[in-house]
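Below: one structure, written as structure tokens.
Any read-out appearing in this document is the output of simple, stated calculations on the displayed coordinates, not a laboratory observation. Remember, predicted model here, so these are calculated numbers, not experimental data. Counting neighbours? That spans all protein chains shown, and the Cβs are built from the backbone with ideal geometry, glycine included.
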Amino acid sequence: MNKNIEEYYPILKVIRDEIKRNYVRSQEKNIVQITNLEGEVLRELDSDDFIKISDLLLNEIRVGKNTFEIPILEKFLNGLEIIQFKSPSQEKADFNMEILDLKTDISKYYSFSIKSELGSKATVLNASKATNFVYKIKEIEPINIMELNNINKETTNKWLKARLSKIQENINNKILEVSFVRTHSKVFSSNLQLIDSKLPYIISIMLMDYYANEGISDIKSLTERIIARNPLEISQENKTLFYKSNIIELIKSATFGMVPNKNWDKKYSVTGGLLTVKKSGDVLCHHIFYSKEALDEYLYRNTQLETASTSRYGTGSIYNENGEYYFTLNLQIRMK
């Protein structure tokens, strides 16, 4: 996460699709030209104005609390005809740019996703009912299921962790058996299986481990625990590569293309990569093609599972269906 000044991608053009405008910087004239898609120049602005407003914006964000307004920024954006600042939640790409590959001297159009360290950590995979994983409880020794449901927010702090910890304890003591049944959404399950047919099962184990143990949430640690457990009995020489690569591919897919409740074609809608805004104001680029290994490792080391609203998604509730007991756990992934 340190800026490498020897590797950079000159930005030739920024494209705003919602208003069909291009923003092209002319280095010779030190101006930014606003053009329509046919290349007709609609307006010209001094490049230094963009630098001044970005410095101002960085300082305002650093001192700002909760939701706040920056009138001078609004005025500046209105002058650029930009009124919609955030991409729709279903869209993975935040904006498109034409950048120059200095190695080949060829320019290409790429879309990028932005993650910022300036505010709250961005989600990679948003929680929804589609990301619920369903588990079945089987009693080996008689147990009162009501005991488990009595571990709740009225009786216990961090009740969900406490309940799942108790379930895990009963599994270890061979009082209960718990088996993964399915994901709530067949579409999400199908999307995961495009990465690997066993990925829903692998994630189900990761979720149980996360919810049943206090203080273990980061993807790297949870993956290492699965590697050690090796539930699929992958050969010793291949198990690390197998589990780690599949978990990384899940995170990349969620970052760049896959939406849980939409059928996925295994293509990335983000073609360029990830732009990270550091607290210092530096903007770093992990390119999908030019820095694949660095991107993979960055996502692997900088993401974590998170507990979403338990009431909204029914997380951890034990319920009876046709005389058998089930519970659900929800998958949400966020940047650390």
So which of K244/K278; K3/K279; K121/K252; K252/K292 end up more than 19 Å apart by C-alpha? K244/K278
Taking the dipole about the Cα centre of the chain, with the C-beta of Lys and Arg at +1 and of Asp and Glu at -1, give me whichever of G215, W159, V283 is farthest to the positive side. W159
Near K103, which aspartates and glutamates are there with a Cα under 14 Å away, not counting those fewer than 8 places off in the same chain? E6, E7
Expressed as an acute angle from 0 to 90° and rounded to the nearest 10, what is the orientation of the C-alpha long axis of helix 186-195 relative to the principal long axis of the chain? 70
Percent of all alpha-carbon pairs of region 170-257 at distances over 17 Å, whole number, is 53
State the answer as a single residue: which of N144, G39, P71 lies farthest towards the positive end of the charge dipole of region 28-179, with beta carbon charges of +1 for Lys and Arg and -1 for Asp and Glu, about the Cα centre. N144
Proximal lysines relative to K29, as straight alpha-carbon distance under 17 Å, when same-chain residues fewer than 8 apart are discounted: K13
Any idea what Rg and Dmax come out to for region 52-207 if you just take the C-alpha atoms, in Å? 24.2, 71
Residues of type lysines that K20 reaches as a straight line, Cα spacing below 16 Å, ignoring anything fewer than 8 places off in the same chain: K86
E28/S179 FRET efficiency (R0 45 Å; Cβ-Cβ; nearest 0.05): 0.10
Label point distance in nm, R43-E233, each placed 7 Å from Cα along Cα→Cβ: 6.7
Evaluate E = 1/(1 + (r/R0)^6) for K108 and N36, where r is the Cβ-Cβ distance and R0 equals 25 Å; express this FRET efficiency to the nearest 0.05. 0.75
Overall form of region 1-121 per C-alpha gyration tensor (a/c, 1.5; a/b vs b/c): rounded
Equivalent-ellipsoid semi-axes of region 24-73, from the Cα gyration tensor, Å, largest first: 29, 13, 7
With only helices counted (DSSP H, runs n ≥ 4, each -39500 (n - 2.57)), the per-residue ellipticity at 222 nm for the chain, to the nearest 500, works out to -10000 deg cm²/dmol
Here the convex hull volume per residue of region 206-330, taken over Cα atoms and given in Å³, is 178
With an 8 Å cut-off on Cα pairs and a minimum separation of 6 or more residues, tell me the relative contact order of the chain in percent. 20
Calculated FRET value between Y290 and D94, using beta carbons and R₀ = 30 Å, to 0.05: 0.95
Viscosity 0.890 mPa s, temperature 25 °C, Stokes-Einstein D of region 140-292 from Kirkwood C-alpha radius, µm²/s: 135
Jot down the radius of gyration and Dmax of the chain, Cα atoms only, both in angstrom. 23.7, 80
Can you pull the one-decimal nm distance between simple spin-label points at E224 and T156, each 7 Å off the Cα toward Cβ? 2.7
Compute, for the chain, the length of the dipole vector about the Cα centre, with Cβ point charges of +1 (Lys, Arg) and -1 (Asp, Glu) only. Units Debye, rounded to 20. 680
Could you work out the relative contact order of region 224-336? I mean the mean sequence separation of Cα pairs under 8 Å and 6+ apart, divided by the number of residues, in percent. 15
